[in-house]
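Comments concern the structure below.
Just so it is clear, none of the values below were taken in a lab; they were calculated from the coordinates. Just so you know, these numbers come straight off a predicted model, no measurement behind them. Neighbour counts are summed over all protein chains in view; Cβ atoms, including those assigned to glycine, are modelled from backbone coordinates with ideal geometry.
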Amino acid sequence: MSKIEKRLQELDLELPVQPPAGKLLPVKQVGKLLFVGGHGPEQNGEPVYIGRVGAEVSLEEGYEAAKLCGLNCLARLKEYLGALDRIDEIVKVLGFVNSDPDFHQQPAVMHGFSDLMIQVFGEKGRHARSAIGTSNLPDNQAVEVEMIVTVRD
C-alpha cells in the first residue's frame, strides 16, 4: 500500500469508483504537469450534492461536496498514475461553486477541497487556488473542481 493510500485510510477516507471516461481525457500530462479536468461531487457516477450553495445546499454541505470533488480527482490521478505517491505536489486548483445569488462564501466552500489536500499531502498539498461562484453547473451539482499537480518519474 502506498504512503498516500495509507494516509487516506488513516483519515477514514475512500477513493470513489470512477465511471469510464468519455470523449475527453480526465487527466492530461504535459511534461511533469498533470492537468485534471473538472470533477463534481459524485459517488458511483451519481451526483451527491445537488443545487445551489446558499439555497438548497448549506455551506457545510458545500464544504463536504468540495471534499468529495477532491477524492474524485485523487481517484482519477490514481487511475492514471497507478500510485498516488508519484504526485510531487498540488500546484493550482480552480473551484466552481453553484451559488445562490446572495451567497458570497465560495472560498469557505473550497476549503473542503484544500483542507483535504493538506491533510493527505502535508505541505506539498498547499496550493494556489481560485474559487468562483457560478449560476449553474452540469447536472445542477453544487461544486466542480479542476487541479494541476506535478509528478515524479
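Structure data summary
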item	result
Relative contact order (%) - the chain, alpha-carbon pairs under 8 angstrom, separation at least six	34
Rounded to 10°, Cα long-axis angle of helix 59-81 versus longest principal axis of the chain	30
Ranked GLU146, GLU60, criterion: other C-beta atoms within 10 Å, fewest first	GLU60, GLU146
Theoretical ellipticity at 222 nm over the chain - DSSP helices of four or more residues, -39500 (n - 2.57) apiece, nearest 500	-10000 deg cm²/dmol
Spatially proximal lysines relative to LYS23 (Cα-Cα < 25 Å; intrachain offsets below 8 disregarded)	LYS32, LYS78, LYS92
Radius of gyration and maximum dimension Dmax of the chain, Cα, Å	14.6, 46
Nearest-ten-degree value, helix 106-121 long axis tilted from longest Cα axis of the chain	20
Relative frequency of Cα-Cα separations exceeding 13 Å in the stretch 90-153, percent	62
Trypsin sites (Lys or Arg not before Pro) within the stretch 44-153: DSSP coil, no more than 16 neighbouring Cβ in 10 Å	ARG126, ARG152
DSSP beta bridges in the chain [antiparallel fraction, %, rounded to 5]	70
